[in-house]
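Working notes, structure below.
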Amino acid sequence: MNKEQLVGKIVEKSGLKKADAVKALAAFQESVTEALKDGDKVQLIGFGTFSVRDRAPRVARSPRTGETIQVDASKLPAFKAGAKLRAAVKPAKVEKAKKAAKAKKAEEKPAAKKPRAKKTKA
């Protein structure tokens, strides 16, 4: 889905005019960007959290020359999906199939061997 399609969905779901939906989306993007620039995180309960992650400096290898180069520390924007979003994306059928496979695997395990009875001399 691109920005145009997202604006269309916002118009459809909210009843806003297209121009207002474009402004709302732009305001959301600007607000999240400003918060991340300031080092804050944006948490939308159930949807997810936008944050900034620090990457440590590291040594890398140039694929062209093969020489090692020093890569400086950096900051990257990150998004972690919330529980409701994860649940919506992960269909219940997949979960049921995983549970069924796990149960089947547990049933297939051989039972522990019974100890043999000692033979007695008669």
Unique match (being at pLDDT below 95 and among the hydrophobic types (A, V, I, L, M, F, W, C)) among A35, A78, A83: A83
The stretch 28-76, residues that are touching a residue at least 24 places away in the same chain (Cβ under 8 Å), over 22 Å from V7 (Cβ atoms) and either touching a Gly at 6+ places or on another chain (Cβ under 9 Å) or surrounded by fewer than 13 Cβ atoms within 10 Å (Cβ to Cβ) (or both): I45, G46, T49, V52, R53, L76
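The values are calculated or read from the model by the stated rules, or taken from the named source; none is laboratory data. Being a predicted model, the structure only gives us computed values, none of them experimental. Neighbour counts are summed over all protein chains in view; Cβ atoms, including those assigned to glycine, are modelled from backbone coordinates with ideal geometry.
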